[in-house]
Amino acid sequence: MDNLSYYDLLEVPKDFTLKELKASYKRLAKIHHPDITNDCPISEEKFKLISTAYQILLCPIKKQEYDREQSGSFFSEFSFSMNDLYSNTASDIFNDSFNKHKENLEIIDLNISFKESFFGSKKNISFFKTIYCSSCDATGSKDKKLRSCPKCNGRGKNSVKSGFLEAEVDCEFCGGNGTIHLIKCDTCDGTKKIKSKESIEINIPKGISDGDKLKITIDDLNTFYLKLHIENDSDFIKQDENLFKQIDLPLTKAILGTHIDLALFDDTINVEIPKNTKHKDLIIIKDKGFPSINSNSSYGNIVLEINIIYPILNEENLELLYKLDLNLNKS
Ligand SMILES: [Zn+2]
Ligand SMILES: [Zn+2]
C-alpha cells in the first residue's frame, strides 16, 4: 500500500480534473470510512492515506511540491510559506459523522449562497420554539394546582438501601419534582411546555464554510445548532480561506504578458499576468480571498492556475510563425 503514488491511491490519472478527483475521493473514502468498516485497522489506515493524498492533490501548490519530490527534485521555487496558503485539511466531508454523538441538540439546516458566506448575511429561521404552557401556568395540572407528592412527601428524593449502604435517589413517582398534578393539562399533556412555531433573524458571520455549525441560544429552553450549507460557486473553488480558479490563457498572451479582469462578486480585480507565464503556473493575489472567520481583518488569497490554450492557426498565421521560427533559430 505504501508504494502506491497518491494518484494510484485515489485512482485518478495524472491529468485529473477536479471533478474526477472529488468524485473518486468521495467514493473511496466512503468505502474505507471507519464508521462503515467497523473500525477495521487496515481500512482505517487506508482511509487516512486516501485523505492525505486528497489534501495534497486538491491543493495545486502542494501537488506541485509532491510531483517535484516524486521526480527527485526537492527545491521549491515559491518564496511564500505553503502553510500560509493552505493550512488545515480538506477532508471536512466526514467531520460531521465523527462529531455527531457529541451533543444532543437539534440541528436546523440552512442553505446560503456563496456570496452570503463571503459577506455575511441576516437570515430568518423558522423553528419550533419551546415555551412554558400558559393554559396551566406551567404546572402541568389542569386546575393549575400542584399537590405534594405522597411518595416522597414533597422531598423529591427517596432513600434506597442495598445491604449496609443507603442512598438518596430521585423519586420515581414525581420525577424528583416533589409535586404531582391530579389531572394533567390537556394543552401540554402534563409536560408544562409546548412547542410554538416562530421566526427569528440570525446574523450569519462572514467567512463561514460549508458544514459549519453555529450554536444558537435564545433562552434557557431553546438552544440549537444551525448547520450551514453553502452552494458551490460556478467560478471559484474555496479551500479554507483561499479561492482557487483555473484561467484559460492564449499562448501568445502567456508569452507576451497581459492583464485580465477577474470578476469577484460585485468587484473586478485587474490581474497582471507576467511575461513568459507557463502552463500550470500559479498567480497569487494576496488578501483577496475569503475573510477569516476568526479575525475581522485577515483574508485568504486568490490562487489562479494558468491553463494555456494553443491557437488554431490559419495559413497567414503559419507563415508568420515560420518567419518567427527562422528568426529565433538563426545562428
Ligand atoms: Zn415524589
Ligand atoms: Zn399545560
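A few comments on the model shown:
- The one condition from (1) within 26 Å of the chain's Cα centre (by Cα); (2) among the charged types (D, E, K, R); (3) surrounded by 17 or more Cβ atoms within 10 Å (Cβ to Cβ) that Lys192 does not meet is (1).
- Single residue of Asn158, Asn177 found to be near ligand 1 (Cβ under 8 Å from one of its atoms), over 24 Å from Asp137 (Cβ atoms) and not β-branched (Val, Ile, Thr): Asn158
- Taken over region 158-183, the criterion of being part of a loop (DSSP other than H, G, I, E, B), surrounded by 10 or more Cβ atoms within 10 Å (Cβ to Cβ) and either aliphatic (A, V, I, L, M) or more than 16 Å from ligand 2 (Cβ to nearest atom) (or both) is satisfied by Cys171, Glu172, Phe173, Cys174, Gly176, Gly178, Leu182, Ile183.
- When residues in region 137-157 are screened for being more than 48 Å from the chain's Cα centre (by Cα) and closer than 10 Å to Phe173 by Cα, 4 of them pass.
- Of all residues in region 203-253, those being part of a helix (DSSP H, G or I) and without any contact (Cβ under 8 Å) to a residue 40 or more places away in the chain number 1.
- Those residues of region 17-41 which are over 23 Å from the mean Cα position of the chain (by Cα) and assigned to a loop (DSSP other than H, G, I, E, B), in sequence order: Thr37, Asn38, Asp39, Cys40
Here, each number is a calculation from the coordinates, and none is a lab measurement. What you see is a predicted model, and the numbers here were worked out from it, not measured in a lab. Every residue, glycine as well, gets a Cβ built from its backbone with ideal geometry; the counts of neighbours run over all protein chains shown.
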